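Worksheet: the structure to be examined is printed underneath.
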Amino acid sequence: GTGVVTATPEQGDVEYLSPVTIGGQTINMDFDSGSSDLWVFNTELAAGSQAGHSNFNPETSTTFQLLQGASFEISYGDGSGAAGNVGTDTVNIGGATVTNQAVELATAVSSSFVQDTQSNGLVGLAFSKLNTIKPVQQKTFFDNAIATLPIPVFTADLRHAAVGAYEFGNIDSTKFNGSLSWTDVNATSGFWQFSSQQFAVGTGPTMNLAGGQAIADTGTTLMIADPSIVNAYYSQVQGAVNNETVGGVTFPCAAQLPDLAVDIGGNYMATVRGDDINFSPVDAAGTTCFGGLQAGTAGGLQIYGDIMFKSQFVAFNGGNNSIGMAPHQ
Ligand SMILES: Cc1ccc(-c2noc([C@H]3C[C@@H](O)CN3)n2)cc1F
């Protein structure tokens, strides 16, 4: 069957949380199309780490089974991470159910996860080759579910400061304008990766980024693009500066921000709304704002995170490794 769950943004759209039922226990988790581990806060964690969180209790689940000798250890782009043991249990996401899903029980989590008490773990939705479980790598929820879904797809409908949805096994065409533009994905690195070699700032000319590559990453808050894109963009924003102390580009909160169009696989120019690039104030007075578009390393892999998802409905097709995109309805 299909599955649909709400995707509720934390304050400031820092991340989106969705209800996941594990062994009959419903826990709000962060769906991450940029990683491939499903790990959860649980009663094995130190009490100090459990505080404030919903903690899965493997002992009260009648379907949980420990995976003897298995462990995991994962670190994320921002240096945060988690590690622990592994079991299997029945995982139900909005009706889409997998009976023997690897469920990773963190026994250690980094401080940023402990502090983020609305989030109680991650559901990795990238390719299973990135799963960190040893000695035997395990499959993601989507990989396990795909054979039972009417169509081998999950979709992300993330919104600015509003409740959106993740859906498994169905494409809800009432959620986007026009038709989806489909692009082949290169799964070699385990990401939902595609070429992105052109961009345009506002009504300006289309510019080239030879060899540009990007991934669709629902677990990254911002949009991390090549410095050439970032410089071209902020050259059009009065008062934009590279603010070392804050750690990125800031500009006056009153600035008029142009849209940014980025190429998706040579088939489609995805327009990211300028308003969504005004991410958050950095000062109490709300005078200076932090950009939702920030620079990665020149020539590096670009990370199109939630800033892009707020403008684009995205379908991930695991049947033919492609991504479909269209503006939100
Ligand atoms: C506190 C916290 C920290 C990081 C992340 C996080 N989740 O996904 C990602 C990106 C980066 C890449 O690693 C894969 N996707 N980052 C989530 C958190 F709740």
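Residue-level check: of (1) surrounded by 15 or more Cβ atoms within 10 Å (Cβ to Cβ); (2) part of a strand (DSSP E or B); (3) touching a residue at least 40 places away in the same chain (Cβ under 8 Å), P327 misses just (1). Could you tell me whether V262 is open to solvent by less than 10 Å² (accessible area, probe 1.4 Å), part of a strand (DSSP E or B) and closer than 30 Å to F316 by Cα? The answer is yes for V262.
Selection of strands (runs of 3 or more DSSP E) fully inside region 270-309 by the criterion of at least 1 residues being β-branched (V, I, T) and either open to solvent by 50 Å² or more (accessible area, probe 1.4 Å) or away from the ligand (no atom under 16 Å from the Cβ) (or both) returns 288-291. Residues in region 257-290 that are in contact with a helix residue (DSSP H, G or I) (Cβ under 9 Å, 6 or more places away or on another chain) and either of a type in the set (V, I, T) or at pLDDT below 95 (or both): V262, V272, I277. Residues of region 113-160 that are touching a Lys or Arg at 6+ places or on another chain (Cβ under 9 Å) and touching a residue at least 24 places away in the same chain (Cβ under 8 Å): S128, N131, T155, D157, L158, R159, H160. The one condition from (1) surrounded by fewer than 17 Cβ atoms within 10 Å (Cβ to Cβ); (2) more than 16 Å from the ligand (Cβ to nearest atom) that A187 does not meet is (2). When T140, T99 are checked against the criterion of being hydroxyl-bearing (S, T, Y), crowded, with 16+ Cβ neighbours inside 10 Å and touching a strand residue (DSSP E or B) at 6+ places or on another chain (Cβ under 7 Å), a single residue qualifies: T140.
Among the residues of region 231-243, is any in contact with a helix residue (DSSP H, G or I) (Cβ under 7 Å, 6 or more places away or on another chain) and either within 21 Å of G34 (Cα to Cα) or not in a strand (DSSP E or B) (or both)?
Yes.
Of all the residues in region 76-112, those that are closer than 27 Å to A187 by Cβ and within 9 Å of the ligand (Cβ to nearest atom) number 6.
Close Cβ contacts (under 9 Å, 6 or more residues apart or on different chains) running from residues in region 217-228 that are on the phi < 0 side of the Ramachandran plot and hydrophobic (A, V, I, L, M, F, W, C) to residues that are open to solvent by 20 Å² or more (accessible area, probe 1.4 Å) and near the ligand (Cβ under 8 Å from one of its atoms) comprise L222/I303; M223/I303; I224/G77; I224/I303; A225/I303. Exactly one residue out of S61, S49, S18 is within 28 Å of A161 (Cβ to Cβ), in contact (Cβ under 8 Å) with a residue 24 or more places away in the chain and either surrounded by fewer than 18 Cβ atoms within 10 Å (Cβ to Cβ) or of a type in the set (S, T, Y) (or both), and it is S18. Residue-level check: of (1) surrounded by fewer than 21 Cβ atoms within 10 Å (Cβ to Cβ); (2) assigned to a loop (DSSP other than H, G, I, E, B), Q68 misses just (2).
Among residues of region 27-39 that are within 11 Å of I74 (Cβ to Cβ), those with a beta-carbon under 6 Å from a residue that is more than 8 Å from the ligand (Cβ to nearest atom) and assigned to a loop (DSSP other than H, G, I, E, B) at least six positions away or on a different chain give the pairs S36/N131; S36/T140; D37/N131; D37/T132.
The values are calculated or read from the model by the stated rules, or taken from the named source; none is laboratory data. Not measured: the values here are computed from a predicted model. Reconstructed Cβ throughout: ideal geometry from the backbone, glycine too, with neighbour counts over all protein chains shown. The accessibility values were calculated without ligands, DNA or RNA, using every heavy atom of the protein model including side chains. Shrake-Rupley method; radii C 1.70, N 1.55, O 1.52, S 1.80 Å.
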